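The values are calculated or read from the model by the stated rules, or taken from the named source; none is laboratory data. Quick caveat, the model's predicted, so the values are computed rather than measured. Cβ atoms come from the backbone with ideal geometry, glycine included; neighbour counts cover every protein chain shown. Ligands, DNA and RNA are stripped out before the accessible areas are found, and what is left, the full protein with its side chains, is counted by its heavy atoms. Shrake-Rupley method; radii C 1.70, N 1.55, O 1.52, S 1.80 Å.
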Amino acid sequence: QQRQAILDGLTEAQAEQLAWDWRFWARPEQIAPAGDWLTWVILAGRGFGKTRSGAEWVREQVAAGKRRIALIAETQKDLEEVMIEGDSGILSVFPSSERPAYRRRPVRLEFKSGALALGYNATEPDQLRGPQFDAAWADELAKWRYARETWDMLQFGLRLGSRPRQLVTTTPRPIPVLKEIIADKSTVVSKGATSENAANLAASFIEK
């Protein structure tokens, strides 16, 4: 009753603002930790909300003034259909008035601020030879075919701005490069389980 009373008291503009306020809706482990880190790793199972966390983090980076962002998926299909166009992808987390212009092949998002997000896949590490960035989102790194090569190439390109940062969202697998990333002193790690997002998932999926 208290919640309903508060919601009923909101103006249309306030309700619209609240609907797009990720820090109001997110669980704590879906929000970037404080501190002077370089890499934030979200290790969690399917259905946890990793993609939404990554998309919202990109939105926050654009709002914070980042100008050139790398988006890296396992394949071109994952890049387009999950990270960008998916139900929880980047396009879904922006109000229509703020949504970036989107081009496929090669993937390019141009935001209202002038910031650019450029897409790459982990089957062609040399795509990252040359470009430079001040932020990056790497999705499902533990599944990448050329995880070591792609990750190393990204590190060479993460050289713009005063404090470039990167987010890794992945299901846990004990591959060497992921172990090294987690062990690095400049990395912070958030962990979680699928069950934490049960309210947003089909009951039959949780039961299985």
Looking at this structure, is GLU74 closer than 24 Å to TYR146 by Cβ and among the acidic types (Asp, Glu)?
yes
List pairs: first in the stretch 48-71 and in a helix (DSSP H, G or I), second open to solvent by 20 Å² or more (accessible area, probe 1.4 Å), Cβ under 7 Å, 6+ apart or cross-chain?
THR51/VAL82; THR51/SER88; ARG52/SER88; ALA55/SER88; ALA55/SER92; GLU56/TRP22; TRP57/ALA32; VAL62/SER113
Checked the stretch 33-46 for anything in a loop (DSSP other than H, G, I, E, B) and crowded, with 18+ Cβ neighbours inside 10 Å; matches are TRP37
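So, of the residues in the stretch 165-181 that are open to solvent by 20 Å² or more (accessible area, probe 1.4 Å) and not hydroxyl-bearing (Ser, Thr, Tyr), which turns out to be farthest from GLY45 (Cα to Cα)?
Going residue by residue through the stretch 165-181, those that are open to solvent by 20 Å² or more (accessible area, probe 1.4 Å) are 165, 171-176, 179-180.
In the following step, the residues that additionally are not hydroxyl-bearing (Ser, Thr, Tyr) were identified as 165, 172-176, 179-180.
Working: ARG165: 23, PRO172: 7, ARG173: 11, PRO174: 14, ILE175: 16, PRO176: 19, LYS179: 17, GLU180: 20 Å.
Across the stretch 165-181, the extreme among qualifying residues is ARG165.
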Filter the stretch 72-96 down to the residues that are in a loop (DSSP other than H, G, I, E, B), under 19 Å from GLU110 (Cβ atoms) and open to solvent by 20 Å² or more (accessible area, probe 1.4 Å) and list them by number.
GLU85, SER96
Of all residues in the stretch 72-119 being in contact (Cβ under 8 Å) with a residue 60 or more places away in the chain and among the β-branched types (Val, Ile, Thr), which is nearest to TRP22 (Cα to Cα)?
VAL93
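Name every residue in the stretch 131-160 that is assigned to a strand (DSSP E or B) and either open to solvent by 30 Å² or more (accessible area, probe 1.4 Å) or of a type in the set (A, V, I, L, M, F, W, C) (or both), in order of residue number.
If we filter the stretch 131-160 for residues that are assigned to a strand (DSSP E or B), which is where we start, we get 133, 135-139, 158.
Hits for the stretch 131-160 are PHE133, ALA135, ALA136, TRP137, ALA138, LEU158.
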